[in-house]
1. Considering each residue of the range 179-204, count those that are more than 19 Å from LEU32 (Cα to Cα) and either open to solvent by less than 60 Å² (accessible area, probe 1.4 Å) or in contact with a Gly (Cβ under 8 Å, 6 or more places away or on another chain) (or both), and give that number.
2. Of all residues in the range 205-222 being touching a residue at least 40 places away in the same chain (Cβ under 8 Å), open to solvent by less than 30 Å² (accessible area, probe 1.4 Å) and touching a strand residue (DSSP E or B) at 6+ places or on another chain (Cβ under 8 Å), which is farthest from the ligand (Cβ to nearest atom)?
3. Looking only at the range 12-34, decide whether some residue is more than 21 Å from MET183 (Cα to Cα), in contact with a Lys or Arg (Cβ under 7 Å, 6 or more places away or on another chain) and touching a residue at least 60 places away in the same chain (Cβ under 8 Å).
4. ILE99 fails exactly one of the following numbered conditions: (1) more than 23 Å from LEU195 (Cα to Cα); (2) in contact with a Leu (Cβ under 9 Å, 6 or more places away or on another chain); (3) within 16 Å of the ligand (Cβ to nearest atom). What is the number of that condition?
5. Those residues that are open to solvent by 50 Å² or more (accessible area, probe 1.4 Å) and among the hydroxyl-bearing types (Ser, Thr, Tyr), I need them from the range 108-127; list them, please.
6. Regarding the range 39-47, can at least one residue be identified that is under 21 Å from ILE127 (Cα atoms), away from the ligand (no atom under 13 Å from the Cβ) and either modelled with pLDDT of 95 or more or surrounded by fewer than 20 Cβ atoms within 10 Å (Cβ to Cβ) (or both)?
7. Within the range 128-150, count every residue that is part of a loop (DSSP other than H, G, I, E, B), away from the ligand (no atom under 12 Å from the Cβ) and either open to solvent by less than 10 Å² (accessible area, probe 1.4 Å) or charged (D, E, K, R) (or both).
8. Does GLU175 satisfy the criteria of being open to solvent by 80 Å² or more (accessible area, probe 1.4 Å), in a loop (DSSP other than H, G, I, E, B) and acidic (Asp, Glu)?
Amino acid sequence: MLLVLKPDLEEVGREAARMVASAVRRNPAVRLGLATGSTTVGMYQELVRLHRQEALDFSRVLTFNLDEYLGLSADHPQSFAYFMRQHFFSHVNVPPANIHIPDGSIKGDYRQYCAAYEQSIREAGGIDLQILGIGRNGHIGFNEPTSSLGSRTRLKVLTQETIEDNHKFFAPGEEIPQCAITMGIGTILQARRILLLASGASKATAISNAIEGPVTASVTASALQLHPEVTFIVDRDAGAQLKQQAYYRRVLEMTVALTPERM
Ligand code: F6R
């Protein structure tokens, strides 16, 4: 596990974008797993800048988004599909055929739909680099506390805490989705490399539980301890409760010196 501590959200976004850009340059047909949420906005902004100003080319990149609200179609302003267009896809050259986002408007055979989403990831050859945010309750994707650590893409009922966190984004009186389609923890753990971004004091407990707590379905991000290639990029406030900060700093220095390709 690598921990990169940055002063603020802006620097978290810039560092994440640098790592994504270097993965794209190393393998122009890289398969990216993408997340939405306020923490990722700066990363997408910086990737758009790199595309425009430094010709970062996404024309062969394949993308798989983590999740989508059930009941929202891709043109709903609060859907993750809309978020992705607004912050990333309408500004870069990922071909539309290479973009995969769970369809929140599906009705009927959810199991079959979710199995097909898993199948499309497998057929593409798996995810090379998975981007994650983290919820206050330690969720990754929409894998709420008590999600099976072996779970695959499926419907998930959102906790009250997550619904309340999302409340502010919906118009007054508008119905807020109670469920989402999300990649599972098992799906996420199969990515070859994982980057988790976190910012702000409200994430400090989740980050310390995920990194220094026991592996438990009660904090689904703690399952990342089972993955051999995870990098956490967190700002000072989100990292404030970590006890081993000095050690993580030394690990990072040594990694830069001895195995810089991991950066
Ligand atoms: C979004 C997602 C969620 C968010 C998490 C943090 O695709 O999977 O797990 O990453 O809820 O959201 P923000 O960044 O808005 O605090």
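1. Number of matching residues: 6.
2. Of everything passing the filter in the range 205-222, ILE211 is farthest from the ligand (Cβ to nearest atom).
3. yes
4. Every listed condition holds for ILE99 apart from (1).
5. Selection gives TYR110, TYR113.
6. Scanning the range 39-47, I find at least one residue that is under 21 Å from ILE127 (Cα atoms), away from the ligand (no atom under 13 Å from the Cβ) and either modelled with pLDDT of 95 or more or surrounded by fewer than 20 Cβ atoms within 10 Å (Cβ to Cβ) (or both), so the answer is yes.
7. Of the residues in the range 128-150, 1 are part of a loop (DSSP other than H, G, I, E, B), away from the ligand (no atom under 12 Å from the Cβ) and either open to solvent by less than 10 Å² (accessible area, probe 1.4 Å) or charged (D, E, K, R) (or both).
8. In short, yes.
The values are calculated or read from the model by the stated rules, or taken from the named source; none is laboratory data. Since this is a predicted model, take the numbers as computed values, not measurements. Because the Cβ atoms are built from the backbone with ideal geometry, glycine has one as well, and the counts that use them run over all protein chains shown. Accessible surface areas use protein heavy atoms only, side chains included; no ligands, DNA or RNA. Shrake-Rupley method; radii C 1.70, N 1.55, O 1.52, S 1.80 Å.
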